[in-house]
Amino acid sequence: MKQRFGSKVTEALVQRPRRVFMTIGSDTLTEAMWYVAQKGYRHVSTMTGLDLGQSLCVIYHLVEGDVVLSLKTVVPKSDPKLSTIVGIIPGAELYEREVHDMFGVIFEGHPDLSPLILPEKWPGGIYPLRKEWKVEAIKAELDKAQG
Amino acid sequence: MDLLGLLVYPGLMFLLALAWFYEWLDRRFFARLQNRYGPIYTGPHGLLQPLADFIKLLAKEDIEPAAVDKPLFRCVPILVPTLPLTVLFLIPISGVGAFVHFEGDLIFTIFIMSLLAILAFLGGWSSTNRFSTLGGLRAAMQTLGYEVPLAMALIGPGLVARSLSITKIVEWQASNGLWIAVLTPIGFGIAVLAMLAELEKIPFDIPEAETEIVAGWQTEFSGRKLALMRLALDLELVLAAGLITALFLGGPSGPIPFIPNIVWFLVKTTFVVLILTNLRALFARFRIDQMVSGSWKYLVPLAVIQILILQLLLR
Amino acid sequence: MSESIFTVPVGPQHPALKEPENITLTLDGEQIIDAKIRLGYVHRGGEKALENRTYVQNLYLVERVCGICAMAHQLCYVNNIEALLGIEAPPRAKYIRTIVAELERIHSHLLWVGVAGHEIGFDTLFMYTWQDREIVLDLMERITGNRVLHATNSIGGVRRDITSDMIPLVKKGLAHLGERVKYYRKLALAERTIAKRAVGVGILKTQDAIALCAVGPTARASNVKRDVRKYDPYSAYDEMPFDIVTNDGCDVAARIFVRIDELEQCARMLEYAVDHLPEGPIKVRAPRSVPPGENVSLVEAPRGEDIHYCKSNGSDRPERYKIRAPTLANWASMRKMLIGGSMADVPIVLAAIDPCMSCTDRIALLDSRSGESWAWNYEQLKRYVQKRYGE
Amino acid sequence: MEGELLRHLAKKPATMQYPFEKFQPVTGTRAKIEIDMAKCIGCGTCVFDCPAFALEMVGKGLTCDMKWYPMKCVYCGQCVESCPRSAIKQTDEFTLANTRKEELACEFKRSREE
């Protein structure tokens, strides 16, 4: 269905009826998003962050008709930067903020990346849903920050 | 004018008891309309609940936020119950004549009632809280809406009785055996609606709209101050009911002899309170702009028409 | 002009909000010129907790994402896990799931009508609808064993059967509800004060609803024909007779009507489901560990499309579980609805998307509750209280 | 609407005065759990499956006692289902409130004949 995007699509999988998973390179994200949006996938259901160990994966769940397209893109943990898709689909604004809070992925060009869920006093550098942060470690870090 | 009359009956004590009784009635009836119980535990049928609330609030911590305008903030809760209490002495309760009466006391009553709205504004303003300020502003806006039709509706009975004294109006109705509400049904309706606005009750509880601006202009008041404010509201309810009774429903007099005046007064004011409560259960809250524009679009012209009709009738 | 502009915080604690979150409104007089959204006051790290529990335990944890749409979340969860396991619930279980899900929708919508009434100062309506909601809750208790948090599903089926003596009760309840729904529709049409507060308030145009990815009744009231039950049918929805209710009003009134009409559709579906309840077992056995894989499942919760993503790693605990409750999807549209409106309309506009903050934040029973706490944890608070009031 | 109001005025209030009136729960309500220690084999499945960590095993295997914490319990009934010997059963006794924390733990002791 989307194989037209050439070599940038590293993996495509129709997992079961109405569910499509697809992986694309992070540099072609904007381009791919434009393409997909033109195809009618204008509804971002949500965005999921995923910790793959050395890298972070962001999944855009898009819905059109009865197909759920999950567009995956992988960024290295050391430099988690992605360009924003707010310009293409405005509804993604809050989801990007959430992924930013929880995983520390920076969405370049996003209008306001202030914390959505985490408190203002949250110590920087803790991204709670990354695997290296265990619940106890977060607790200890917070106690330290509060004194 | 003896001291006993001033302090006990039909004075201070009686009025306070009546205020609490009507609060209970209002709450109870409102609850029953909604299939609830309402207050039932304190005293027989929960009759003492308002008094218990009052005492409880008196005992509570009185918090004065640092940013408030202290002199004003302290004055308002004292003035708010005093004003309706003062005016209540002008309303005939135990007899056809009021405790105090003079020519023009109707005007004085209207004047005090607008003062109450201004106090609401001052209370909100002195709190310096954003919700209070908004509430105070809304109270002032609302006054613009209901004050004019209210005054016009209340003047109607004065025109009929050719006097601006509440006592004289009651006397006129007693001697003619006719309720002014029969002559001025529109005026009666307007007065009831405007009283709802004066009392800040649904659908005109805009200045203290709970879901919008917390408690509006009363947000910052607590403890003793809040107790006094709540007492003031109850007194205003008595005042509203008493005023409507006196001006439109013939006051404390009735067609059957040998029944004391006070019984007539109680029956009629209870009826008015029930009407007010019923209306409260019937509507959703208006928005401030809807309230003001609606009042000027419908209530004011209607009030004018009512006065014109009266003039024609009386000719 | 500039001095008349000031900001009003709505929340974290505000009478219009049943749960804490914060919207900072910039006002010019009574008019709203900007709104900033801040969530997370009840965030307790539910997704992290899900990763640390077994699939069986998670059944009850996802349910507690939201007390009102408990069934929707649990259904979404079991659909997800069942797809990963490659098993399917038996038909009777599917029907029972549908029945409970629809009962829940009725209860949620009735609750909403009441809350909407309360927000515009119409407490009487609130009392009446909540009284009628009791019927549904009692039915729920009989069918599932609890009024809310039904715990109906297990992986591979449902836990309790609907016995034949429950069916007349359901029908009786539905008949009564049908009457009440008709009355509420009449009331919403006839009552002038409701119309005054709802018509033309909180406008969300169709193209905005699509662009901002609105879901559920909020989107349908903006004439977006989107309903998971139709485009991605789960459980027994492919056999149910129902229409997608839409309204082209795009305002709060439209949202009221969409929900009231949906109540009728729910009743229709329930009647069909109760009459056509297939015979058979109610569950199949499911293994405790889930083979590695990933899956997305969607469910139409009362508030809109609910999406869960699960990545399993072959153990008995998920590798990553992501929940997006419908309310979060509607926040972006909410901002659009508020701007340009009046301060007095904030509560009703807010209520019109039927927000559920805890859902949005994914509240969870997390034993490390201070893990995500705000400035103070429980111990510190206790200490403070003791100091303040001298024991 | 006015008619509706008056109709409701004539009706009995919808709520009941609970602590003074007795409330009869619906059959099948999930409330307090009871463990039949004669049937319990101490496998620990219930403890493992409990989503709220409300069950505790004191001791091990066939000689263990069980402890149940109503404060932690979410009354889901998973333990009832998990139990391979159907030793756990859920009653409809729902008045479990207590002012003392210590009294809130329910112990189920094994009768020891030896």
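Scan A:122, A:133 and give me the residue that is closer than 22 Å to residue C:318 by Cα and either at pLDDT below 70 or within 11 Å of chain C (Cβ to nearest Cβ) (or both). Even if it seems obvious, please write down each step before you answer.
Values: A:122 fails: closer than 22 Å to residue C:318 by Cα.
Just a single option satisfies the conditions, and that option is A:133.
Can you give me the ranges of the strands (runs of 3 or more DSSP E) entirely in segment C:1-72 with at least 3 residues that are within 12 Å of chain A (Cβ to nearest Cβ) and at pLDDT 70 or above?
Values: elements: C:5-10, C:22-28, C:31-38.
By residue number, C:31-38.
Filter segment C:255-264 down to residues that are crowded, with 21+ Cβ neighbours inside 10 Å and closer than 20 Å to residue C:228 by Cβ and give me whichever is nearest to the chain's Cα centre (by Cα).
C:259
Residues to consider are D:69, D:18; find the one that is more than 12 Å from every other protein chain (Cβ to nearest Cβ), out of contact with any strand residue (DSSP E or B) (no Cβ under 6 Å at 6 or more places or on another chain) and not β-branched (Val, Ile, Thr). Steps first, please.
Values: D:18 fails: more than 12 Å from every other protein chain (Cβ to nearest Cβ).
It is D:69.
What is the one condition in (1) within 12 Å of chain C (Cβ to nearest Cβ); (2) more than 24 Å from residue D:105 (Cα to Cα) that residue D:28 does not satisfy?
Looking at each condition in turn, residue D:28 falls short on (2).
Is it the case that residue B:19 is over 28 Å from residue D:10 (Cβ atoms), under 19 Å from the mean Cα position of the chain (by Cα) and modelled with pLDDT of 85 or more? Even if it seems obvious, please write down each step before you answer.
Numbers: over 28 Å from residue D:10 (Cβ atoms): yes; under 19 Å from the mean Cα position of the chain (by Cα): yes; modelled with pLDDT of 85 or more: yes.
Answer is yes for this residue.
Given the structure, is residue C:273 over 26 Å from residue C:245 (Cβ atoms) and either outside any loop (DSSP other than H, G, I, E, B) or not aromatic (Phe, Trp, Tyr) (or both)? Write out each step before concluding.
Working: over 26 Å from residue C:245 (Cβ atoms): no; either outside any loop (DSSP other than H, G, I, E, B) or not aromatic (Phe, Trp, Tyr) (or both): yes.
No, not satisfied.
Kindly evaluate residue B:253 against the criterion of being at pLDDT 80 or above and among the small types (Gly, Ala, Ser).
Details: at pLDDT 80 or above: no; among the small types (Gly, Ala, Ser): yes.
Here the answer is no, as residue B:253 does not meet what is asked.
Of all residues in segment D:82-98 being farther than 20 Å from residue C:147 by Cβ and either among the hydrophobic types (A, V, I, L, M, F, W, C) or surrounded by 12 or more Cβ atoms within 10 Å (Cβ to Cβ) (or both), which is nearest to the chain's Cα centre (by Cα)? Reasoning before the result, please.
In the first step, residues of segment D:82-98 are kept if they are farther than 20 Å from residue C:147 by Cβ; the result is D:82-89, D:98.
Those left that are additionally either among the hydrophobic types (A, V, I, L, M, F, W, C) or surrounded by 12 or more Cβ atoms within 10 Å (Cβ to Cβ) (or both): D:82-83, D:85, D:87-89.
Numbers: D:82: 15, D:83: 15, D:85: 19, D:87: 14, D:88: 10, D:89: 9 Å.
Across segment D:82-98, the extreme among qualifying residues is D:89.
State all residues of segment C:265-282 that are crowded, with 18+ Cβ neighbours inside 10 Å and touching a residue at least 60 places away in the same chain (Cβ under 8 Å); if no residue qualifies, say none.
C:266, C:267, C:269, C:270, C:273, C:277, C:282
Identify, by number, the condition in (1) within 23 Å of residue B:287 (Cα to Cα); (2) within 24 Å of the chain's Cα centre (by Cα); (3) within 11 Å of another protein chain (Cβ to nearest Cβ) that residue C:186 doesn't meet.
(2)
Which residue pairs have Cβ atoms under 7 Å apart, sit 6 or more places apart or on different chains, and have a first residue in segment B:279-303 that is more than 7 Å from chain C (Cβ to nearest Cβ) and a second that is among the polar types (S, T, N, Q)?
Sorted first by the residue in segment B:279-303, then by its partner, the pairs are B:291/B:142.
Looking at A:46, A:73, which one is more than 9 Å from chain C (Cβ to nearest Cβ) and out of contact with any Asp or Glu (no Cβ under 8 Å at 6 or more places or on another chain)?
Within the list A:46, A:73, the selection yields A:73.
Residues are listed down the side, and each one gets a yes or a no for (1) within 30 Å of residue C:130 (Cβ to Cβ); (2) surrounded by fewer than 16 Cβ atoms within 10 Å (Cβ to Cβ); (3) among the acidic types (Asp, Glu):
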| residue | (1), (2), (3) |
| --- | --- |
| D:7 | yes, yes, no |
| D:10 | yes, yes, no |
| D:22 | yes, yes, no |
| D:25 | yes, yes, no |
| D:33 | no, no, no |
| D:50 | no, no, no |
| D:54 | no, no, no |
| D:67 | no, no, no |
| D:70 | yes, no, no |
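Name every residue in segment C:298-333 that is over 16 Å from the mean Cα position of the chain (by Cα) and assigned to a strand (DSSP E or B), in order of residue number. Give the steps one after another, and end with the answer.
Filtering segment C:298-333 down to residues over 16 Å from the mean Cα position of the chain (by Cα) leaves C:309-322, C:332-333.
Those that are over 16 Å from the mean Cα position of the chain (by Cα) and assigned to a strand (DSSP E or B): C:309, C:310, C:311, C:312, C:318, C:319, C:320, C:321, C:322.
For segment D:16-45, enumerate the residues that are within 16 Å of residue D:64 (Cα to Cα) and touching a residue at least 24 places away in the same chain (Cβ under 8 Å).
Initially, segment D:16-45 is screened for residues within 16 Å of residue D:64 (Cα to Cα), giving D:34-45.
D:34, D:35, D:36, D:37, D:38, D:39, D:40, D:41, D:43, D:45, listed by residue number.
Scan segment C:123-130 and tell me whether some residue there is farther than 15 Å from residue C:176 by Cβ, in contact (Cβ under 8 Å) with a residue 12 or more places away in the chain and surrounded by 24 or more Cβ atoms within 10 Å (Cβ to Cβ).
yes
Here's the yes/no breakdown for (1) surrounded by fewer than 19 Cβ atoms within 10 Å (Cβ to Cβ); (2) farther than 17 Å from residue B:262 by Cβ:
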position: B:3; (1), (2): yes, yes
position: B:9; (1), (2): yes, no
position: B:15; (1), (2): no, no
position: B:18; (1), (2): no, no
position: B:36; (1), (2): yes, yes
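Output the residue which, of all residues in segment C:210-251 that are in contact with a Ser or Thr (Cβ under 7 Å, 6 or more places away or on another chain) and within 11 Å of chain A (Cβ to nearest Cβ), is surrounded by the most Cβ atoms within 10 Å (Cβ to Cβ). Working first, answer last.
Taking segment C:210-251 as the starting set, the residues that turn out to be in contact with a Ser or Thr (Cβ under 7 Å, 6 or more places away or on another chain) are C:212, C:214, C:218, C:220, C:222-225, C:235-237, C:240, C:250.
This time we only want the ones that are within 11 Å of chain A (Cβ to nearest Cβ), so: C:212, C:214, C:224.
Details: C:212: 28, C:214: 32, C:224: 21.
The qualifying residue surrounded by the most Cβ atoms within 10 Å (Cβ to Cβ) is C:214.
Can you confirm whether segment A:79-86 contains a residue that is closer than 28 Å to residue C:226 by Cα and more than 11 Å from chain C (Cβ to nearest Cβ)? Let's see the steps before the verdict.
Pass one, segment A:79-86, residues closer than 28 Å to residue C:226 by Cα: A:84-86.
Restricting the remaining residues to those that are more than 11 Å from chain C (Cβ to nearest Cβ) gives A:84-85.
Scanning segment A:79-86, I find at least one residue that is closer than 28 Å to residue C:226 by Cα and more than 11 Å from chain C (Cβ to nearest Cβ), so the answer is yes.
Only residues that are surrounded by fewer than 20 Cβ atoms within 10 Å (Cβ to Cβ) and not small (Gly, Ala, Ser): list them for segment C:284-304, please.
Selection gives C:284, C:285, C:287, C:288, C:291, C:292.
Tell me yes or no: at least one residue of segment C:166-179 is more than 14 Å from chain A (Cβ to nearest Cβ), surrounded by fewer than 23 Cβ atoms within 10 Å (Cβ to Cβ), more than 20 Å from the chain's Cα centre (by Cα) and more than 30 Å from residue C:276 (Cα to Cα).
no
Which one of the conditions (1) free of Cβ contacts under 8 Å to residues at least 12 places away in the same chain; (2) over 14 Å from the mean Cα position of the chain (by Cα) does residue B:136 fail to meet, given that it meets all the rest?
(1)
Restricting to segment B:33-65, name every residue that is part of a helix (DSSP H, G or I), in contact (Cβ under 8 Å) with a residue 12 or more places away in the chain, more than 14 Å from chain C (Cβ to nearest Cβ) and under 30 Å from residue D:6 (Cα atoms).
Correct list: B:45, B:46, B:49, B:50, B:51, B:53.
Give the residues of segment B:246-265 that are touching a residue at least 40 places away in the same chain (Cβ under 8 Å) and part of a helix (DSSP H, G or I), sorted by residue number.
Of everything in segment B:246-265, those that are touching a residue at least 40 places away in the same chain (Cβ under 8 Å) and part of a helix (DSSP H, G or I) turn out to be B:246, B:247, B:248, B:261, B:262, B:265.
Identify, please: which residue in segment C:85-124 is away from chain B (no Cβ under 14 Å) and hydroxyl-bearing (Ser, Thr, Tyr) and is, among those, farthest from residue C:318 (Cα to Cα)?
Taking segment C:85-124 as the starting set, the residues that turn out to be away from chain B (no Cβ under 14 Å) are C:85-112.
From what's left, hydroxyl-bearing (Ser, Thr, Tyr): C:95, C:98, C:108.
Details: C:95: 27, C:98: 26, C:108: 30 Å.
Step by step, filter segment C:85-124, then rank; the result is C:108.
Looking at segment A:40-147, what strands (runs of 3 or more DSSP E) fall wholly within it and have at least 3 residues that are buried (at least 19 other Cβ atoms within 10 Å of the Cβ)? Walk me through it before giving the result.
On the way: elements: A:43-51, A:55-64, A:67-76, A:81-83, A:106-108.
Per the criteria, A:43-51, A:55-64, A:67-76.
In segment B:122-143, which residue that is closer than 20 Å to residue B:240 by Cβ and away from chain C (no Cβ under 14 Å) is surrounded by the most Cβ atoms within 10 Å (Cβ to Cβ)?
Filtering first and then ranking leaves B:123.
The values are calculated or read from the model by the stated rules, or taken from the named source; none is laboratory data. Fair warning: this is a prediction, and the values are worked out from it, not measured in the lab. Glycine also receives a Cβ, built like all others from the backbone with ideal geometry; neighbour counts cover every protein chain displayed.
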